[in-house]
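Just so it is clear, none of the values below were taken in a lab; they were calculated from the coordinates. Remember, it's a predicted structure, so these values are computed and weren't measured experimentally. Note that each Cβ is placed from the backbone with ideal geometry, even for glycine, and that neighbours are counted across all protein chains shown.
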Amino acid sequence: MENILLDKRKMAALGLDLDGQWQEWCAEVKWHAKSLRDVRANLLTCAYLASLDPVAQIVLALPGCRISEDRLREEQSMLHRILPPHIGERVHLMWPAEGASLSDWPAALPPEGRAWLMELIEREGTQAVGVRAASTKHVVLGWLFLSWLRGTGFQSTDELCEAIGASYPTVAGVIKSLEAAGLIERGRGRSVVLNRFPIDEWRRWLVAGESARRTIYFKDQSGQPRSVYALADRLSSLKKSSIAIGGVMGAMHHYPSLDITAAPRLDLTMLVEKDGPLDLKFVRRLDAALKQCDGPDSSANLVIHLLPRKQGCFERDDGGRVWADPVECMADLHEMRLDSQAQDMLHALLQKH
């Protein structure tokens, strides 16, 4: 049988992806797994891969897993009971024991293979750590601005909590502050809406965003970076509904008259679980030469803004590209010091409203 695992092009065509390969050993690393459903899905994927190749050994490593060891052993036993032995014996489940060590090393994995696997786990861990997302109050205000621009109308506090994923006291506190400033109109059932677009609050929100938003920067290390449009095309091919194009490209989608000739970088808005684990492995699929910067970098080629919100309000066009909402795009412009362009875009959106 032809070795499919060694042919990345065929794997991509089958919608398969693995984090690493060493000789006949292949590994998928899932940091901070907390759902048995996800573990089962990943185990089944590993079993499928093992069925495609007669010699491949497939390892699913779960460092930082929040599921008990007994439950993981039970899942592994259940999988082995339903699989033919020639497939099941080549699917291995591993989880952390102490520090960087792993429990239940496959007996056939030699010391060199263990060193490879530990290095792979550590590397993937740098892209799966918990990263603090934006301030919830900041996100609530952004949602209210967006709702006004889109003409959403009255929303109850419960509806706002559900859309944003914020607590009732947090949302109620923001509404109370806006109401004290004369910016809130109340409807039936104590639903609320902004009675006008609050320019002063908006300006303060933009400035606060420099510290309230959470942003990760990536820079090309090859010296021959891909264009932002090529990166955007690759992102579209990944079909990530939780990641949207923002920044200059997103602003030009919402406001084609934007006075900028070309996007200096690709800005992405990524929906995340607040203070939860962050999976940035997709960046490697955009371009393996992109490496994370230690801090803000004006020469970054890719910038990811973390948005802890349940509803993205993203738009998908006919070409498959997913676009961030205009409020996030204008915040990106402000971060890039394109203040006049952000102001022009806001003025156009206000006129449209």
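Lysine pair count for the chain with Cα-Cα distance under 19 Å and sequence separation of 8 or more or different chains is 21.
Look at the dipole of the chain built from charges on Cβ: of TRP148, ALA163, THR269, the Cα furthest out on the positive end belongs to TRP148. Placing a pseudo-label 7 Å from each Cα along the Cα-to-Cβ vector at TRP202 and ALA180 gives an inter-label distance of 2.4 nm.
Starting from the Cα of LYS352, step 7 Å toward the Cβ, then list every residue of region 253-269 with an amide N under 20 Å from that point. Under 20 Å, as judged by backbone N against the label point of LYS352, lie 253-263, 267-269 of region 253-269. Please go through region 209-242 and write out the trypsin sites (Lys or Arg not before Pro) that DSSP classes as loop and that have at most 12 other C-beta atoms within 10 Å. Those that pass, being in a loop and sparsely packed, are LYS239.
Using a Förster distance of 35 Å, how high is the FRET efficiency between SER237 and SER68, based on the Cβ-Cβ distance and rounded to 0.05? Display every interim value, and only then the final one.
Working: r = 38 Å, r/R0 = 1.07.
The computed FRET efficiency comes out at 0.40.
Taking only Cα atoms of the chain, what ratio of Rg to Rh do you get with Rh as the Kirkwood inverse-distance radius? Don't jump to the answer; show the numbers that get you there.
Values: Rg = 23.4 Å, Rh = 22.6 Å.
Rounded to two decimals, Rg/Rh equals 1.03.
For region 47-87, applying the loop criterion from DSSP together with a ceiling of 16 other beta carbons within 10 Å to the trypsin sites (Lys or Arg not before Pro) yields ARG66. With the convex hull drawn over the C-alpha atoms of region 242-343, the volume per residue is 118 Å³.
The distance from the alpha carbon centre of region 229-267 to that of region 275-322 is 11 Å, rounded to a whole number. Taken along the Cα-to-beta-carbon direction at a fixed 7 Å, the label points for ARG150 and ALA107 span 5.7 nm. Modelled this way, with points 7 Å down the Cα-to-C-beta line, the labels at GLU315 and SER167 are 3.5 nm from one another.
For SER211 and LEU36, compute 0.36 nm times the residue count separating them, minus their Cα-Cα distance, and round to one decimal in nm.
Working: separation 175, 0.36 × 175 = 63.00 nm, distance 3.58 nm.
Result for the pair: 59.4 nm of gain on full extension.
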